[in-house]
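Structure, as structure tokens:
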Amino acid sequence: MSLSAKRNKKTGERMVHVRLSEELHVRLRVLVAVRDETIQDFLATLVAREIDRQAIPVPKVKELA
């Protein structure tokens, strides 16, 4: 994964680009469709859950400045 330097100035959000095999992408699309959610929401929740699970301290945005 690579972290893009582009940021939504209104929300402070960052973009992450991920390369997936075609098969995995199709499976992901089917999964989120069945769950009636977006790929964006699914992956954001998954990443946040994994960071919390591993108890990785993440500084607040203000602490990074």
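Condition first: modelled with pLDDT of 95 or more and on the phi > 0 side of the Ramachandran plot. Now tell me which residues in the range 1-58 satisfy that.
Listed by number, the list holds a single entry, ASP36.
Suppose we filter the range 33-45 for residues that are among the hydrophobic types (A, V, I, L, M, F, W, C) and within 18 Å of MET15 (Cβ to Cβ); how many remain?
Number of matching residues: 4.
The values are calculated or read from the model by the stated rules, or taken from the named source; none is laboratory data. This is a predicted model, so every value here is computed, not measured. Cβ sites come from the backbone with ideal geometry, for glycine too, and all protein chains shown count toward neighbours.
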